[in-house]
Amino acid sequence: MTTDAPTHLPDGRPIPLMTGDERLMLESRLDFHRATLELKCAGLEDSQLRLAPAGPSELTLLGLVQHLAECERNWFQRVVGVEVSMRWVLIHMIEEYARHNGYADILRECIDGVTGA
């Protein structure tokens, strides 16, 4: 009898692939980081998402979500396949999410003390 490996962490985020096709592995890592940002925002009221709790910075969780959405639109719709490869764009977006998820972690902790993920 074989047991299928779990595909999601207990918090609901997808577990990134560690073997297989390179593009699928990169896409799964990006999906993980997208889900991490979603988790950082989960359960907050609209006013909390708009709160800039780490003054003097005006950075908000909503601002991070909007920024990353615009980055994805720009890189995936306007740039990919012109002068850069899909591989490069996927790696760049993983870097963007990883860096911004760090900021999101700090903001969430300032808003209500929730940490982790």
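Read-outs: derived from the displayed coordinates by stated rules, not from any lab. These numbers come from a predicted model, not from an experiment. All Cβ positions, glycine included, derive from the backbone under ideal geometry; neighbour counts span all protein chains shown.
Details
- Between 0 and 90°, nearest 10: helix 22-41 axis offset from the chain longest Cα axis: 20 degrees
- Of Thr19, Thr60, Thr36, the one that fluctuates the most in a GNM where the chain has Cα springs shorter than 10 Å: Thr19
- Whether segment 1-40 is rounded, prolate or oblate, judged on the alpha carbon gyration tensor where a/c under 1.5 counts as rounded: oblate
- Among Ser85, Ser28, the order by Cβ neighbours within 10 angstrom, fewest to most, reads Ser85, Ser28.
- You can think of it this way: the chain between Asp31 and Ala5 has 7.6 nm of extra reach, that is 0.36 nm per residue less the Cα-Cα gap.
- The chain: angle of helix 61-72 to the longest principal axis, Cα-based, in degrees nearest 10: 30 degrees
- Local electrostatic count at Cys41 - Lys and Arg +1, Asp and Glu -1, tallied over other residues with Cβ under 14 Å: -2
- The chain: relative contact order as a whole-number percent, Cα under 8 Å and 6+ apart: 28 percent
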